[in-house]
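J.: Quick one: the structure is below, questions incoming.
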Amino acid sequence: KAGVTQTPRYLIKTRGQQVTLSCSPISGHRSVSWYQQTPGQGLQFLFEYFSETQRNKGNFPGRFSGRQFSNSRSEMNVSTLELGDSALYLCASSPGQGRWNSPLHFGNGTRLTVT
Amino acid sequence: AQKITQTQPGMFVQEKEAVTLDCTYDTSDPSYGLFWYKQPSSGEMIFLIYQGSYDQQNATEGRYSLNFQKARKSANLVISASQLGDSAMYFCAMREGDSNTGNQFYFGTGTSLTVIP
């Protein structure tokens, strides 16, 4: 099985712009989660989608949004970029239902730099 | 309060020795799962081991074992016979409830492990 695929791997944007990140989960996985990783804060949960519905949301401003498509692929959008949004954005997938011990399977991440 | 606490920002271990990475957690949910991940410098997060709150025995996966002390709310990772390739960041994580209600994982801030030849 192919793993979790995130595109692009690297992005450089300027303040005020917006950005869209993409994630393709492992085949058969219906849950996709997004995390922001920064050196000072560790991994912070952004949101989780399951069957095209946002099931959980972390404590991030409304500039951060996401969606999931019928094929379970997910996109994350950040509008009005700020310098503090520079981070590694990790996408993770899992079956999402009925498996108590399911770990998250992570992609390689998208490294976003805001200048 | 932090859900997951890792108090060791950095650790060093001699090659072939064992090392313990500490993790404490905070939850009032009787059902939860504890996970350990490894993140090499390349950035990918690699799942290592899982312990469920109802598991009676400590989890083991090859050279990895989890020292689960439920009353103390600790879930320490033990790596036996350290190898140079074990040098990486290690994250402890917890999910409360079961995957039917959501998949929000809480992560600690990580421990950087360096294996010395």
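J.: If we only count strands (runs of 3 or more DSSP E) wholly inside region A:47-109, which ones have 2 or more residues that are more than 12 Å from chain B (Cβ to nearest Cβ)? Outline the logic, then answer.
T.: Working: elements: A:53-57, A:64-68, A:74-78, A:87-94.
Hits in region A:47-109: A:64-68, A:74-78.
J.: On to the next question. Take the conditions surrounded by 18 or more Cβ atoms within 10 Å (Cβ to Cβ), of a type in the set (S, T, Y) and modelled with pLDDT of 95 or more and apply them to A:S86. Does it pass? Please lay out each step first, then the result.
T.: Values: surrounded by 18 or more Cβ atoms within 10 Å (Cβ to Cβ): no; of a type in the set (S, T, Y): yes; modelled with pLDDT of 95 or more: yes.
Against the criterion (surrounded by 18 or more Cβ atoms within 10 Å (Cβ to Cβ), of a type in the set (S, T, Y) and modelled with pLDDT of 95 or more), A:S86 does not qualify.
J.: Here is a further query. The conditions are (1) away from chain A (no Cβ under 14 Å); (2) open to solvent by less than 50 Å² (accessible area, probe 1.4 Å); (3) aliphatic (A, V, I, L, M), and B:A71 fails exactly one of them. Which is it?
T.: With (1) away from chain A (no Cβ under 14 Å); (2) open to solvent by less than 50 Å² (accessible area, probe 1.4 Å); (3) aliphatic (A, V, I, L, M) applied to B:A71, the lone miss is (2).
J.: I need the full set of residues from region A:19-46 which are within 12 Å of chain B (Cβ to nearest Cβ), in a loop (DSSP other than H, G, I, E, B) and surrounded by 16 or more Cβ atoms within 10 Å (Cβ to Cβ), in order please.
T.: First pass over region A:19-46, keeping only residues within 12 Å of chain B (Cβ to nearest Cβ): A:25, A:29-46.
Retained after the next criterion (residues that are in a loop (DSSP other than H, G, I, E, B)): A:25, A:29-30, A:39-41.
Hits for region A:19-46 are A:P25, A:H29, A:R30.
J.: For the structure I just gave you, tell me whether A:G66 is free of Cβ contacts under 8 Å to residues at least 24 places away in the same chain and either open to solvent by less than 50 Å² (accessible area, probe 1.4 Å) or in contact with a strand residue (DSSP E or B) (Cβ under 7 Å, 6 or more places away or on another chain) (or both).
T.: Working: free of Cβ contacts under 8 Å to residues at least 24 places away in the same chain: no; either open to solvent by less than 50 Å² (accessible area, probe 1.4 Å) or in contact with a strand residue (DSSP E or B) (Cβ under 7 Å, 6 or more places away or on another chain) (or both): yes.
No, not satisfied.
J.: Quickly run through region B:41-59 and pick out the residues that are over 18 Å from B:S80 (Cβ atoms), of a type outside the set (S, T, N, Q) and in a loop (DSSP other than H, G, I, E, B).
T.: B:G43, B:E44, B:M45, B:Y54, B:D55
J.: Of everything in region B:10-24, what is of a type in the set (D, E) and over 15 Å from the mean Cα position of the chain (by Cα)? Give them in sequence order.
T.: Taking region B:10-24 and keeping what is of a type in the set (D, E), we get B:15, B:17, B:22.
B:E15, B:E17 - these are the residues of region B:10-24 that are of a type in the set (D, E) and over 15 Å from the mean Cα position of the chain (by Cα).
J.: Go through the residues of region B:52-67 one by one and say whether even a single one is within 14 Å of chain A (Cβ to nearest Cβ), surrounded by 19 or more Cβ atoms within 10 Å (Cβ to Cβ), out of contact with any His (no Cβ under 9 Å at 6 or more places or on another chain) and closer than 28 Å to A:V4 by Cα.
T.: Yes, some residue in region B:52-67 is within 14 Å of chain A (Cβ to nearest Cβ), surrounded by 19 or more Cβ atoms within 10 Å (Cβ to Cβ), out of contact with any His (no Cβ under 9 Å at 6 or more places or on another chain) and closer than 28 Å to A:V4 by Cα.
J.: Against the condition assigned to a strand (DSSP E or B) and of a type in the set (K, R), how does B:K38 come out, does it pass? Talk me through it step by step, then tell me what you get.
T.: Details: assigned to a strand (DSSP E or B): yes; of a type in the set (K, R): yes.
When the stated conditions are applied, B:K38 passes them.
J.: Applying the selection to region B:75-117, what residues are open to solvent by less than 10 Å² (accessible area, probe 1.4 Å) and of a type outside the set (A, V, I, L, M, F, W, C)?
T.: Across region B:75-117, the qualifying residues are B:S82, B:D86, B:Y90, B:R95, B:S99, B:G102, B:N103, B:G108, B:G110, B:T111.
The values are calculated or read from the model by the stated rules, or taken from the named source; none is laboratory data. It should be emphasised that the depicted structure is a prediction, and the values quoted were computed from it without experimental measurement. Virtual Cβ from ideal backbone geometry, glycine too; neighbours counted across all protein chains shown. Just so you know, the surface numbers come from the protein's heavy atoms only, side chains and all, with ligands and any DNA or RNA stripped out. Shrake-Rupley method; radii C 1.70, N 1.55, O 1.52, S 1.80 Å.
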